[in-house]
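The structure under discussion appears below in the form of C-alpha cells.
The values are calculated or read from the model by the stated rules, or taken from the named source; none is laboratory data. These numbers were taken from a predicted model, which means no experiment stands behind them. So basically every Cβ, Gly included, is an ideal-geometry build from the backbone, and we count neighbours across all protein chains shown.
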Amino acid sequence: MADADDVRRLALALPGVEEIASDGFDFRVGNHGFVWSYPERIPGRRRVIRTDIAVLYVGDEAEKQALVLGEPDLFFTTPAYDGSPLVMVRLERVDAGRLDELVTDAWRMRAPADLLDD
C-alpha cells in the first residue's frame, strides 16, 4: 500500500524534478508534468484534489489501455482523459516497488535527454 508521501519521496529522488505548489502533489521535470494528484470532477460539484490517486504520464494510448484493461482494480481513466497518455493509479492498491517503477517510467518519458542515463 502506498500513499502521497511515497509519491513525493520517489519523485523528488529523481534528477531535475521540481514540485509545483498544489493542494496535493504535482511533479515536473523539464517543465513537463509526470505525476500529480487526481483532480476529481463530479458534475455539479466543486473539483476535489484526490491525494489517494495519482495521475501518471504513460507515453501513449496503447500503454494506457494495456494498464487499464490488464489491471482494472489498480488503474483507471475517465472521459476527461480521453486521448491523453495519462492513467490514474489507486495508491492504496499499489506496493512501493511497483509505484517506484511507475513514477520512474513516467519521469523517463518526460525528462530532457541530458538527465537520462545512457
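Does any residue of the stretch 31-49 turn out to be without any contact (Cβ under 8 Å) to a residue 24 or more places away in the chain and under 17 Å from Leu12 (Cβ atoms)? Yes: the stretch 31-49 contains one or more residues that are without any contact (Cβ under 8 Å) to a residue 24 or more places away in the chain and under 17 Å from Leu12 (Cβ atoms).
Among the residues making up the stretch 63-73, a single one is more than 14 Å from the chain's Cα centre (by Cα), surrounded by 10 or more Cβ atoms within 10 Å (Cβ to Cβ) and among the hydrophobic types (A, V, I, L, M, F, W, C): Ala66.
Considering the conditions (1) among the charged types (D, E, K, R); (2) at pLDDT 90 or above; (3) farther than 23 Å from Ala111 by Cα, Lys64 is excluded by exactly one of them, (3). Tallying residues that are closer than 11 Å to Trp107 by Cα and in contact (Cβ under 8 Å) with a residue 40 or more places away in the chain within the stretch 4-26 yields 6.
Taking the criterion of being assigned to a loop (DSSP other than H, G, I, E, B) and touching a residue at least 40 places away in the same chain (Cβ under 8 Å), the residues of the stretch 73-110 that qualify are Val94, Asp95.
Scan the stretch 9-39 residue by residue and report those that are surrounded by 16 or more Cβ atoms within 10 Å (Cβ to Cβ) and among the charged types (D, E, K, R).
Step one: filter the stretch 9-39 for residues surrounded by 16 or more Cβ atoms within 10 Å (Cβ to Cβ), giving 10-11, 14, 17, 24-29, 33-39.
If the condition is that a residue be surrounded by 16 or more Cβ atoms within 10 Å (Cβ to Cβ) and among the charged types (D, E, K, R), then Asp26, Arg28 are the ones that fit.
Scoring Met1 on the criteria (1) under 14 Å from Met109 (Cβ atoms); (2) over 15 Å from the mean Cα position of the chain (by Cα); (3) touching a residue at least 24 places away in the same chain (Cβ under 8 Å) leaves a single failure, condition (1).
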